[in-house]
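The values are calculated or read from the model by the stated rules, or taken from the named source; none is laboratory data. Please read these numbers as outputs of a predicted model, since none were measured by experiment. Here the Cβ positions follow ideal geometry from the backbone for every residue, glycine too, while neighbour counts run over all protein chains shown. The accessibility values were calculated without ligands, DNA or RNA, using every heavy atom of the protein model including side chains. Shrake-Rupley method; radii C 1.70, N 1.55, O 1.52, S 1.80 Å.
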Amino acid sequence: MDVKLRLLRFNPESDDKPHFENYEVEADPMDRLLDCLHLVKWQKDSSLALRRSCAHGVCGSDAMVVNGVNALACKVLIKDLEQPIVVEPIRGLPLIRDFIVDMEPFFAGYRAVKPWLIVDESQHEPERERLQSPKERERFDDTTKCILCAACTTSCPIFWSDEEYVGPAAIVNAHRFIFDSRDQGSRERLEILSQRDGVFKCRTAFNCTAACPRGIKVTQAIQEVKRAALFQSF
Amino acid sequence: MVTVEDAYRKRKPKAFSNERRPSSTEIWWWFFMRISGVALLFLVLIHLYIMHLVGSGVERVSFDFVAERWDNVGWKTFDWVLLVLALLHGTNGLRVIIDDYVRAPGKRTAIKGTLYALTAVLMIMGTAVVVTFDPSVGG
């Protein structure tokens, strides 16, 4: 079938601002959007810049705004999209070129919540593996699924308006450790997230939950973190 | 209206950091909004019922009606709590909206300043009426 694409292009060397360009490629309805973007890049215009790595919804490199909704280009099928397919880079981050944005502010928020196992080694000499029951593991199972694609954070209207907001992805990754029975850094993370532009900046718009290509219940995780921060403060 | 060009930051934004921020009172405002929201649901419904549905509704509300009601310290307290919670809940909601939508720092401070001044005036006026109400001045 013929697929009509409308891509937002931006070349910092020649353009003042982004503009749309139209392309047509021949593809199968069961092809993914990423396949069509590859056809454009490989056959029509090799200057098209985009990130992708595994191309199977795991690496989280190719999050884009597809027909107004954040999605991974490697996970959406052509048959499910209305044409022309309008593709834009994810929002709220500095645009570098075409579909490539500067992800550094996103990762800064991620790093700020200390997304690693914090344990007091003096109390817990690791003589063997740190055991955990299936029930304890289940508590944070949903938030282990995050692939850091930034689809949630860049769909968040608060992140668009407040560049310093920590963003849903960072909170999801804090949740993954806050509710981990082996971790001892919950208090520290909850204090960090209770600061200005932290978790309480969330207005429960639910855009993040709708945007997550992994189906994580992002807003629910955020609310659980808010509740944990509140109970810790009493 | 946000245009396509506005959707992407022109410069590198200041990202969230865990090192330089003062601790926040947002957690308590968040908690207050939940508690006051639940309380206001009942307070406002009771208020609307008494003022608009009982008897001939708002037609019967007069100085004497208020004087009779406020003879009871319980109703005085009810009305004052309604005043305080509604004002603070509404003001905080507006503050949050202003923080989200007004991006220029000077404009934001000016609008929030006006909002807080208005809240303070309404709070003082309302409280003064409740506290100093004198049924004997009526006809």
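For region A:188-209, a residue qualifies if it is open to solvent by 60 Å² or more (accessible area, probe 1.4 Å) and either outside the structural domain of A:Lys226 (by TED's automatic domain parsing) or over 19 Å from B:Ile97 (Cβ atoms) (or both), and the qualifying residues are A:Glu188, A:Glu191. Among residues of region A:67-87 that are among the basic types (Lys, Arg), those with a beta-carbon under 7 Å from a residue that is open to solvent by 40 Å² or more (accessible area, probe 1.4 Å) at least six positions away or on a different chain give the pairs A:Lys75/A:Arg32; A:Lys79/A:Pro29; A:Lys79/A:Met30.
Residues being open to solvent by less than 70 Å² (accessible area, probe 1.4 Å) and hydrophobic (A, V, I, L, M, F, W, C): count how many of those fall in region B:112-126.
Pass one, region B:112-126, residues open to solvent by less than 70 Å² (accessible area, probe 1.4 Å): B:112-113, B:115, B:117, B:119-120, B:123, B:126.
Still in the running and hydrophobic (A, V, I, L, M, F, W, C): B:115, B:117, B:120, B:123.
Final tally of qualifying residues: 4.
For region B:39-57, the tally of residues that are exposed (fewer than 10 other Cβ atoms within 10 Å of the Cβ) and β-branched (Val, Ile, Thr) stands at 1. In the set (1) hydrophobic (A, V, I, L, M, F, W, C); (2) part of a loop (DSSP other than H, G, I, E, B); (3) in contact (Cβ under 8 Å) with a residue 60 or more places away in the chain, the condition left unmet by A:Val166 is number (3).
Taking region A:12-44 as the range and being open to solvent by 40 Å² or more (accessible area, probe 1.4 Å) and either closer than 18 Å to A:Arg97 by Cβ or touching a Phe, Trp or Tyr at 6+ places or on another chain (Cβ under 7 Å) (or both) as the test, the residues that pass are A:Pro12, A:Glu13, A:Ser14, A:Asp16, A:Lys17, A:His19, A:Phe20, A:Glu21, A:Lys41, A:Trp42, A:Lys44.
How many of the residues making up region A:137-171 are away from chain B (no Cβ under 14 Å), closer than 26 Å to A:Arg52 by Cβ and of a type outside the set (Val, Ile, Thr)? Don't jump to the end; show me each part of the working.
Filtering region A:137-171 for residues away from chain B (no Cβ under 14 Å) gives A:137-149, A:151-152.
Adding the requirement that they be closer than 26 Å to A:Arg52 by Cβ leaves A:142-149, A:151-152.
Narrowing further to those that are of a type outside the set (Val, Ile, Thr): A:142, A:145-146, A:148-149, A:151-152.
Number satisfying all stated conditions: 7.
Under the condition of being open to solvent by 50 Å² or more (accessible area, probe 1.4 Å) and within 19 Å of A:Ala151 (Cβ to Cβ), the residues counted in region A:216-234 number 2. Of the set (1) assigned to a helix (DSSP H, G or I); (2) without any contact (Cβ under 8 Å) to a residue 12 or more places away in the chain, all apply to B:Ala67 but (2). Taking every residue in region A:181-197 that is facing another protein chain (nearest Cβ under 7 Å) and pairing it with any residue that is exposed (fewer than 15 other Cβ atoms within 10 Å of the Cβ), at least 6 positions away or on another chain, the pairs with Cβ-Cβ distances below 7 Å are A:Ser194/B:Ser23; A:Gln195/B:Ser23; A:Arg196/B:Pro22.
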